[in-house]
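Have a look at the structure below, then the notes.
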Amino acid sequence: MKDLIQILSNFTIHPLKLNLELLTDGIHIPQATEEFDTFSLQGTLKLNSNATRLIRGITIQFRGFIDRLKVSNCQNEKASIIENQLSLLKNPAQIPQGDSAFAFELALPRSLPPTVNSEFFKLNYQLLATVEVDGKKIAHQIPVKVFNPYLIPRNGTLSNFFNYSGTAHNQIDYAVDFPTRFIENNESSKFSILLKPKANVVVDFVNACVFQKVVVFTRQASSSNEEELPQTISLSQYTHHIENKNQLEYEIKFKLPISGNRPQKFILPSVDSSHFDVQHTVKITIKYQLQGESYARSYQFEVPIAISVQGTEIAAELPNYMQVGQGAHHCFQNTELPPNYTNLAA
């Protein structure tokens with residue numbers, strides 16, 4: 001803590017200003033492949049000095065912290081999930097009065113989960129630059145938002161048409177159709193279910209509910225085993241009551257708005273990562289009664305879906321770095337070009 005106070009104090013009084021800039025607004029992670037499981041974060045550290053100075057060291061550090069909230073045995077527990085750093089200088093370098101720039105490239109895993117700011121937990125990233133000059137350390141950090149739409153489980157199959165059929169206790173044959181199970185948070189989950197009850201079966205209603213299950217993985221100090229802390233909430237639901245109970249079959253169409261019953265801060269994207277897991281399912285309940293019986297029966301089944309709240313397309317693009325400096329806005333998909341490193345004259 002004392003070192004942090006000293007760094008902040010040095011930053012406020014030292015006549016050397018630091019500024020960090022990335023080539024993109026946030027970090028858009030490319031899809032992992034068999035050949036590449038990392039990517040390069042590229043940016044520039046800009047210095048403004050009121051005099052010629054000797055820089056003895058520059059460190060760039062990328063950090064990620066997860067805050068586990070509203071769980072019984074680890075209230076507000078903050079843990080580091082990544083801490084990558086590099087040193088920009090092998091030897092001391094002299095900078096002139098005025099502006100100087102140092103380009104950097106930092107390798108990060110393509111499995112990095114996206115930034116999360118929810119009621120369940122928070123995952124935030126920071127980029128920190130530390131400069132050693134005049135026997136002091138001057139630090140500057142900026143928040144960085146990470147986007148990674150490729151951690152959605154079963155992403156490819158969820159985008160396709162889905163049909164599933166079965167029987168409820170051998171009393172009702174059913175078939176459910178989903179045009180797609182990949183849904184944006186501002187959209188609705190649309191599907192239909194066809195029921196064919198036997199002659200002695202009376203269907204009362206069919207209920208459909210979108211559930212979200214959040215699991216944060218944590219390591220206890222006394223054990224190396226991971227413990228799951230699940231939290232499940234309902235995002236949207238609808239009950240269709242059967243009025244004409246004498247039909248041979250029923251076709252029911254559902255349209256469940258994802259953000260219908262919950263504020264946005266409760267809705268998370270579907271993510272499968274080593275740090276947390278967010279699952280979404282549609283649970284369907286069929287309530288029915290056999291003629292001659294005084295009690296009702298129920299049958300339930302679940303269909304996995306995926307929800308995206310990124311606001312970015314799956315085919316996330318990386319910039320053509322050769323054009324960034326020229327003010328161009330064109331992006332060239334999944335291309336990373338090496339940065340131009342700063343050359344300092346002795």
Just a yes or no: is a residue in region 212-221 assigned to a loop (DSSP other than H, G, I, E, B) and at pLDDT below 90? yes
Of all residues in region 180-197, how many are touching a Ser or Thr at 6+ places or on another chain (Cβ under 9 Å) and outside any loop (DSSP other than H, G, I, E, B)? 7
Name the strands (runs of 3 or more DSSP E) wholly within region 125-179 that hold at least 3 residues that are surrounded by 15 or more Cβ atoms within 10 Å (Cβ to Cβ) and of a type outside the set (K, R)? 136-144, 172-178
If Y341 satisfies all but one of (1) modelled with pLDDT under 50; (2) in contact with a helix residue (DSSP H, G or I) (Cβ under 9 Å, 6 or more places away or on another chain), what's the number of the condition it fails? (2)
I need a count of the residues in region 97-119 that are assigned to a loop (DSSP other than H, G, I, E, B) and in contact with a helix residue (DSSP H, G or I) (Cβ under 8 Å, 6 or more places away or on another chain). 6
Restricting region 248-302 to residues that are buried (at least 21 other Cβ atoms within 10 Å of the Cβ) and hydroxyl-bearing (S, T, Y), the residue that is farthest from R68 (Cα to Cα): Y288
Quick check on F102: is it modelled with pLDDT under 90 and buried (at least 17 other Cβ atoms within 10 Å of the Cβ)? no
Flagged in region 91-127 as more than 21 Å from I29 (Cα to Cα) and of a type in the set (A, V, I, L, M), in numbering order, are A93, I95, A101
From V309, V303, which residue is at pLDDT below 90, aliphatic (A, V, I, L, M) and within 21 Å of T232 (Cα to Cα)? V309
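The values are calculated or read from the model by the stated rules, or taken from the named source; none is laboratory data. As the structure is a prediction and not an experimental result, all values here were calculated from the model. All Cβ positions, glycine included, derive from the backbone under ideal geometry; neighbour counts span all protein chains shown.
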